[in-house]
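S.K.: One structure follows; several queries about it will come next.
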Amino acid sequence: MKRRSDLNKKINRKARISKYVIYKETLVDFREQFWSFLGAFIGVLLIALLQSYYLPQLENVLLIGSFGASSVLIYGAVESPLAQPRNFIGGQLISAFIGVSIYKLVPDLIWVAAPLAVSISIVVMQMTKTLHPPGGATALIAVIGTEKIKSLGYFYVVSPVLMGTIILFVTALIFNNISKHRKYPINSRLTRSVKRKVLKLNRG
């Protein structure tokens, strides 16, 4: 009975936290919307510019669809557990590695490779506490992407995934900590350090 009571308390607490996060992130606050827009715009812009002007000679791809979904979380739902650095960076990298591995195992059976890549990514992210929903798309892209992406092999994990993730993360650190009402990551020494530096720049 005590275990069941403790379990119910934990479930109720998590439900309350989830409702609070969803409620807070959907409030109509034009300042928050401004910083969400600006952060996402600059982050994706930097990746797009790199791809457009510096990577054509290498025929490399840096901008992938799952970065759009990640941007929703790290710029629009900054307090969500799924948007925190461990989840964002870890989830993307783990999913990319799994996606490439599954494609190499069953390259000619997309009806097997696609569901395997997504489902295994979800389970491994759960096991490693790095759950990040766009990671499922990152794994899927490794399987169903263009021939250019498939030809990258495990380099796909480094570029576009790692490079793009770092660009979005650094941009999120800056733009999510300019406003006094936002902080990213939550409960982190890194956040306090970034905020101090941003405030110094603003005063200067």
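The values are calculated or read from the model by the stated rules, or taken from the named source; none is laboratory data. A quick note: this is a predicted structure, and the numbers were derived from the prediction, not measured. Backbone-built Cβ (ideal geometry, glycine too); neighbour counts: all protein chains shown. Areas reflect the complete protein model, heavy atoms only, side chains present, ligands, DNA and RNA absent. Shrake-Rupley method; radii C 1.70, N 1.55, O 1.52, S 1.80 Å.
S.K.: Restricting to segment 169-187, count the residues that are open to solvent by 30 Å² or more (accessible area, probe 1.4 Å) and at pLDDT below 90.
M.R.: Final tally of qualifying residues: 6.
S.K.: Looking at segment 107-119, is at least one residue within 14 Å of the chain's Cα centre (by Cα), in a helix (DSSP H, G or I) and at pLDDT 95 or above?
M.R.: No, segment 107-119 contains no residue that is within 14 Å of the chain's Cα centre (by Cα), in a helix (DSSP H, G or I) and at pLDDT 95 or above.
S.K.: If you go through segment 63-122 one residue at a time, how many are in contact (Cβ under 8 Å) with a residue 24 or more places away in the chain, surrounded by 16 or more Cβ atoms within 10 Å (Cβ to Cβ) and over 24 Å from I166 (Cα atoms)?
M.R.: Total meeting the criteria: 4.
S.K.: Tell me whether segment 78-92 contains one or more residues that are modelled with pLDDT under 95 and of a type in the set (S, T, Y).
M.R.: yes
S.K.: Can you find a residue that is of a type in the set (A, V, I, L, M), closer than 21 Å to L62 by Cβ and out of contact with any Pro (no Cβ under 8 Å at 6 or more places or on another chain) anywhere in segment 122-135? Before the answer, list the steps.
M.R.: We begin by selecting, within segment 122-135, every residue of a type in the set (A, V, I, L, M); these are 122-125, 127, 131.
With the extra rule that they be closer than 21 Å to L62 by Cβ, the set shrinks to none.
No, that holds for no residue.
S.K.: Within segment 142-168, how many residues are in a helix (DSSP H, G or I), open to solvent by less than 30 Å² (accessible area, probe 1.4 Å) and not hydroxyl-bearing (S, T, Y)? Steps first, answer last, please.
M.R.: The first filter runs over segment 142-168 and keeps only residues in a helix (DSSP H, G or I), leaving 142-144, 147-151, 155-168.
In the following step, the residues that additionally are open to solvent by less than 30 Å² (accessible area, probe 1.4 Å) were identified as 142-143, 149, 156-157, 159-161, 164-165, 168.
Right, trim to not hydroxyl-bearing (S, T, Y) and you get 142-143, 149, 157, 160-161, 164, 168.
Count: 8.
S.K.: Also, quick follow-up: Yes or no: A139 buried (at least 17 other Cβ atoms within 10 Å of the Cβ), under 20 Å from I74 (Cβ atoms) and among the aliphatic types (A, V, I, L, M)?
M.R.: yes
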